[in-house]
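Here the structure is laid out as C-alpha cells; the discussion comes afterwards.
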Amino acid sequence: MTQDAAVEQQRPPAGIPSFDDDLHVDAVLVDPFPTYAKLRDAGPVVWLEKYGYYACARYDEVSSVLSDWETFTSREGVGFNQFFNGITETSLQTEGDHHDEIRQVEGCPIKKGPLEELKPRLKDFAENLVESLKGKDHLDGVADVAMAMPIEIVTDLVGVEGVTQEQMFKWGVAGFDSIGPLHAPRTQPALETMMGYMEFADENFPSNVREGGWADQLFKNGAAVGWPEDFARGVMNDYIYPSVDSTISAIGIGLLLFAQHPDQWDRLRADRSLLTSAIPEIVRLASPLQFFTRVATKDTEIAGVAIPEGSRVVVMYGSANRDDRKFENPDSFDITRDPAGHLGWGRGKHACLGKPLARLEMITLFNVLADNVERFHAGKYRFQPNNIIRSLGELELSITWAQEN
Amino acid sequence: MKIQIEYGMCDGHGECVIAAPEVFDLNDDGDEVILLDDSPAESLRDKVNAAIKLCPVAAIRVEG
Ligand code: SF4
C-alpha cells in the first residue's frame, strides 16, 4: 500500500484507539502536553483521523521505531506532506549506504577536531554577548540571548555570502513549517518561501560561498565522492535551516527553566561539571523537534499492534520525553538526571547531525552565564507556533548580575 | 570478532552504549565513545550488530 492509500483509509483500523485531534493548530502547538498525555494513556499505538496516520506517543515505541530503520524507513520522507517528503538530497530522507555517505560528507565540519578549534571563538562570543547584556534593563531572552549565538556563528560557519542573519532565520522557520501537513495554515506559505530559497540556492551555490566554510567544504568533499553539483546543493539544505531554530529553541527554553527553577541554577553555578547533564535535561524538556514520521516497509507490528506495509507512523519525541513510564517526574527539571536515553536529539541513524555543535554552543553559553548571572527573572513569555519546532517567540527577562569578586 | 572505531567520525551519540554497554562507554564529557572491549565474546555479537545499525555516523566496524 502506498502512502496515499494510507491517507485515503480514513476509517480507523479496528481495535486501535482513534482520535480526531489536529496536532497542527496553534493551541496544541504551543501547549501540546495535555494532548500527548491523552494519546499516551490510550495505548502504545493510536490512530490520528485527521492525518490517516498511526502515531506513537510513548517512549518505548518511539524509541524502537526510530531504532529500526529497515522496518520504519525515512526513505519515504519524515514529514507530513508529499512535497517535503519528496526531497531526496538529504541524509534525513535516505537510508543505508547512501545515507551513511551523505552523513559522513556533510558531517565533516561538525566533528571533534573542527569543533575543538571553534571553542575559543564561541567562548569569546559568549563573553562579549554577556557584557553587552549588562547595559540593558529589559531583555528579550529570545531575541537578545537565545538567537545571538546560533544565528551569528552558524551563518558565518556555513559561509554563504549575501545572506543576512534575518534571512537565515526566516528560512529556518519556514524550513520546519514546510514539513507540516497541507491542511495546516503555515505549510503552504512555508513551502513557497522554501521555493524562493531553492531559487536563491541555484543562483548562489557554490559560486557565492566563502572559501573554507561548511558550504565550500561540502561542495568539494561531495565532488570528491562523485556528487553532481545539484546534489550537493540539495544536501546544503541540511545546514541552512535545521542548524539555527532548534538551538534557539533549546537555549530559550533553557533560560526559562532556570528562571523558574532558581535552585537548579544555584546547583549549576556551584558545580559546572553538571553542564553535561543539564544540557541534555534542557533538550529533553524542550524537545525542539516535536515529531517526525516514518513509513512501514512491510507488514509489521508495534507493541503487538498490526501495522500494514505503507502505513505512515508519527513518532512523537516531545511526548516520549515526558513519558512517566520512562522518566520519573517527567515534567520536573532536574539537572542531575541521567542524560542518557532521552529522545531530544532523536535516536538511531537519523539522530541530530548538528548535535555536537548545538551541545557545544549551549555548554559554552550557559557556562559563561553561570559566571555572571546570579538570578534570571522571567516575566511574560509566549510560545511561537511552528509545525515541527516548539520554541519561545518572546521571553521577558531581567537579570540579577553576580557581584564581581 | 574485532571492533574498530573511527574516532574522528564519532559524535558521541551514545547509541552504541545503549545497544551494547558491555562493549562501549562514553567519555566523561559525553562526546566520544570509549571501547571497553575490542574483541568481545561471540555471545555479544547481536548487541554489537545493533550498535553498528544504530550509530548515525557509521563509526563502528567489525572484522571477523
Ligand atoms: S553510536 Fe557512533 S557516534 Fe555514537 S558514541 Fe557510538 S560510535 Fe560514537
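The values are calculated or read from the model by the stated rules, or taken from the named source; none is laboratory data. All figures in this text were calculated on a predicted structure; none of them were measured in a lab. Note that we place each Cβ from the backbone using ideal geometry, even for glycine, and neighbour counts take in every protein chain shown. Protein only, heavy atoms only, side chains kept; ligands, DNA and RNA dropped before computing areas. Shrake-Rupley method; radii C 1.70, N 1.55, O 1.52, S 1.80 Å.
Only one of the numbered conditions (1) facing chain A (nearest Cβ under 9 Å); (2) in contact (Cβ under 8 Å) with a residue 12 or more places away in the chain; (3) open to solvent by 40 Å² or more (accessible area, probe 1.4 Å); (4) not acidic (D, E) is not met by B:G8, and that is (2). Somewhere in region A:187-195, is a residue without any contact (Cβ under 8 Å) to a residue 40 or more places away in the chain and among the hydroxyl-bearing types (S, T, Y)? Taking every residue of region A:187-195 in turn, at least one turns out to be without any contact (Cβ under 8 Å) to a residue 40 or more places away in the chain and among the hydroxyl-bearing types (S, T, Y).
Taking each residue of region A:314-333 that is open to solvent by 20 Å² or more (accessible area, probe 1.4 Å) and looking for partners that are of a type in the set (F, W, Y) with beta-carbon atoms closer than 8 Å, six or more apart or interchain, yields A:R322/A:F33; A:R322/A:Y36; A:R325/A:Y59; A:K326/A:Y59; A:D331/A:F33.
What helices (runs of 4 or more DSSP H) completely inside region A:1-115 contain at least 1 residues that are polar (S, T, N, Q), modelled with pLDDT under 90 and surrounded by fewer than 22 Cβ atoms within 10 Å (Cβ to Cβ)? I'd like the intermediate steps shown before the answer.
On the way: elements: A:3-8, A:26-30, A:33-42, A:59-67, A:82-85, A:96-107.
Here the list reads A:3-8, A:96-107.
Report yes if some residue within region B:35-48 is open to solvent by 30 Å² or more (accessible area, probe 1.4 Å) and facing another protein chain (nearest Cβ under 8 Å); otherwise report no. No - not one qualifying residue is present in region B:35-48.
Identify all residues within region B:21-54 that are part of a loop (DSSP other than H, G, I, E, B), within 11 Å of the ligand (Cβ to nearest atom) and at pLDDT below 90; write none if there are none. Write out each step before concluding.
Restricting attention to region B:21-54, the residues satisfying the condition of being part of a loop (DSSP other than H, G, I, E, B) are B:21-23, B:27-32, B:36-41.
Imposing the further condition that a residue be within 11 Å of the ligand (Cβ to nearest atom) reduces the set to B:23, B:27, B:30-32.
Matches in region B:21-54: B:N27, B:G30, B:D31, B:E32.
Looking at the structure I just gave you, is B:V62 more than 10 Å from the ligand (Cβ to nearest atom) and among the aliphatic types (A, V, I, L, M)? When the stated conditions are applied, B:V62 passes them.
Output yes when any residue across region A:345-365 is more than 14 Å from chain B (Cβ to nearest Cβ) and touching a residue at least 12 places away in the same chain (Cβ under 8 Å), and no when none is. Step through it out loud before you land on a result.
Keep residues of region A:345-365 that are more than 14 Å from chain B (Cβ to nearest Cβ), which gives A:365.
Then keep just the ones that are touching a residue at least 12 places away in the same chain (Cβ under 8 Å); that gives A:365.
Checked against the condition, which is being more than 14 Å from chain B (Cβ to nearest Cβ) and touching a residue at least 12 places away in the same chain (Cβ under 8 Å), region A:345-365 yields at least one hit.
Does at least one position in region A:261-274 carry a residue that is among the hydrophobic types (A, V, I, L, M, F, W, C), at pLDDT 95 or above and either under 14 Å from the mean Cα position of the chain (by Cα) or under 30 Å from A:V158 (Cβ atoms) (or both)? For region A:261-274, residues among the hydrophobic types (A, V, I, L, M, F, W, C), at pLDDT 95 or above and either under 14 Å from the mean Cα position of the chain (by Cα) or under 30 Å from A:V158 (Cβ atoms) (or both): absent.
For region B:11-20, filtered to residues that are outside any loop (DSSP other than H, G, I, E, B) and open to solvent by less than 30 Å² (accessible area, probe 1.4 Å), the residue that is farthest from the ligand (Cβ to nearest atom) is B:A19.
Can you work out which of the residues in region A:334-344 that are under 17 Å from B:A19 (Cα atoms) and more than 10 Å from every other protein chain (Cβ to nearest Cβ) is surrounded by the fewest Cβ atoms within 10 Å (Cβ to Cβ)?
Initial filter on region A:334-344 (under 17 Å from B:A19 (Cα atoms)): A:338-343.
Restricting the remaining residues to those that are more than 10 Å from every other protein chain (Cβ to nearest Cβ) gives A:338, A:342-343.
Working: A:D338: 11, A:H342: 23, A:L343: 24.
Applying the filter and picking the extreme gives A:D338.
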